[in-house]
Amino acid sequence: MKQLLLTFLLTATGFGLFAQKLDKAKDLLKNNKLADAKTEIDNYLNIDKNQAAGEPWFYKGKIYLAISNDANLKTTVPDARNTAFESFKKYMELESKEKDAAKRNLLMTLEGNQPLIDIYTNYSKEAASYYNAGNFNDALEGFKHCLVVYDYMAEKNIIPNKFDTTTTLYAGIAAEKAKKRDDAAIYYGKIADAKAKGEGFVEIYKWLADYYRQKGDVATSQKYTGLGRELYPQDTFWTGFDIETAREKGTKEELFAKYEQAIKESPDNHLYYFNYGVELYQAAYDTSLAKRPANSEELIQRATEKLKRCIEMKPDYANSYMVLGQIYYNKGVDLNNQIKAIRPAAGAKLTAEQAQKKEDLRKEVMTNFDAAIPNFDKVDQLLSAQGKLKMEDKEILKNALDLLITIYEEKTSQVEQKKNQAEAKKNVAEAKTLDAELKKIQEKSQAYTVKFNDVDRKH
């Protein structure tokens, strides 16, 4: 019995020693002797049996948190703040096993959860300091730590709001400024997935849509345009972006469907009609007949209708006249090529049928050229009156004048050929008129070319 009693007494003495060491660590913390307190708590928790209780972990967190806030000591323990956080988490984990719910997390509750809040606040201040100094990599790491602590507090119902919008935003911005776009997408994505809405937040949804389009992930890109459209329905970006995506990644049918949707949503926007007309014509026309789709004529007709509608809505929009004129002009060129392809058999003359076909085609050529002229004239009228032009408009005006010259040269050539025919007399007046018009346009084109080149050299 004496031997058993002695063993018990030794054990009891040992427990008292451990308790004294924990009390000593607490006293050292209270007296701000942080280095000694750290040594004491570390030695205490190095003993396995001491790791099962929550209290020592709570005080380890308090000691390391104090060290992280001490200007002199924190450099000797670089990871002090994170160690404090992990210690508090361990404390909360062990406390969750307490059968009496009223006694759980008592130490943390008595302090109003301030130790965890301080860790979050200190990470936030440090990250903001790095950010303001332009050190975006360290700022990003700081904001990441912030969010980890915040999410933990939200999980434990320490704070009511489950999402830290501001810190998540700054994490995304810091990542983007640090040229870590993949990280930025993660944080911006969290904001968008939460359907966060605020001043300037619309740009986040646009950024994400563009980011995933560039990645080739059309589905995710469309997800964010959908969210953006839901939250900011008045912004015209979404429709234009969807059209651009369909142009790059989709089929022509998908692209045309997007234009139809755009026109339905914004029937007063003349640019949708213009761009749709251009897209239709580009899909329909190629200088090589073999490369044109089977429904080329139908697409060209639709393009013509859209451009005419654009002109009705915006009569002073020179681009629409230019493209419409080009459609008629190119049709005339196509017909001219058909004329050239009609040739007599070797050593023979044109048959009466061939000659009539050529004549009929020439009339069609002139019909289309005549339809093109007023459109090119309108381009000249609208742009010449403006004086100083943007480079794009200079190119349009120059092309319109050049095509007018080509048309009038062709019309003059047609009349000259008729002079040798029986009805030559009645064509003399027409020839003179055409010559005068041609010379006038050539002079204007020449003068404009000189001016155009002079401006280019100055720029």
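The values are calculated or read from the model by the stated rules, or taken from the named source; none is laboratory data. This one's a predicted model, so the numbers in the text were calculated from it and none came from an experiment. Note that we place each Cβ from the backbone using ideal geometry, even for glycine, and neighbour counts take in every protein chain shown. For accessibility, only protein heavy atoms count, side chains too; no ligands or nucleic acids. Shrake-Rupley method; radii C 1.70, N 1.55, O 1.52, S 1.80 Å.
Things to note:
- For the residue pairs LYS314/LYS388; LYS62/LYS156; LYS306/LYS440, the alpha carbons lie more than 27 Å apart in LYS306/LYS440.
- What the pair-distance distribution of the range 166-237 shows, using all Cα-Cα distances binned every 5 Å from zero, is 4, 18, 31, 26, 16, 5, 0 percent.
- Taking all C-alpha pairs of the range 213-273, those more than 15 Å from each other amount to 50 percent.
- Integer Hz, Karplus 6.51/-1.76/1.60 couplings in order for the range 138-152, x for Gly and Pro: 5, 4, 4, 4, x, 5, 4, 4, 3, 5, 4, 5, 4, 4, 5
- Calculated log₁₀ intensity ratio I(q)/I(0) where the Debye formula runs over C-alpha points of the range 261-368, q = 0.17, 0.24 Å⁻¹: -0.84, -1.23
- Relative contact order for the chain, counting Cα pairs under 8 Å that sit 6 or more residues apart, in percent: 5 percent
- A protection proxy built from the mean count of other Cβ atoms within 10 Å ranks the segments 159-171, 99-111, most packed first, as 159-171, 99-111.
- Zero-based 10 Å bins, Cα pair distances in the range 168-300, whole percents: 12, 35, 28, 17, 8, 1
- When the Cα convex hull of the range 146-196 is projected onto planes of every orientation, the mean area is 3.4 nm².
- The C-alpha radius of gyration of the range 15-78, expressed as a fraction of 2.2 N^0.38 Å, stands at 1.07.
- Computed Rg/Rh of the range 73-146, alpha carbon atoms with Kirkwood Rh: 1.10
- For the chain, with all protein chains in place and a probe radius of 1.4 Å, 51% of the accessible heavy-atom surface sits on carbon or sulfur.
- Pairwise centroid distance, computed over Cα atoms, of the range 296-328 with the range 354-370, Å: 23 Å
- Computed from backbone phi with θ = phi - 60° and the Karplus coefficients 6.51, -1.76 and 1.60, the 3J(HN,Hα) list for the range 158-170 is 6, 10, x, 7, 8, 9, 8, 5, 5, 5, 4, 4, 5 Hz; x is used for glycine and proline.
- R0 of 51 Å, Cβ-Cβ distance ALA341-ASP235: FRET efficiency to nearest 0.05: 0.45
- Per residue, the Cα convex hull of the chain amounts to 267 Å³.
- Whole-Hz Karplus values for the range 67-80 come out as 4, 5, 9, 8, 4, 8, 7, 5, 6, 7, 10, x, 9, 4 Hz, taken residue by residue from phi with 6.51 cos²θ - 1.76 cosθ + 1.60 and θ = phi - 60°; glycine and proline positions read x.
- On the principal axes of its alpha-carbon atoms, the range 38-191 has extents of 48, 36, 24 Å, going from largest to smallest.
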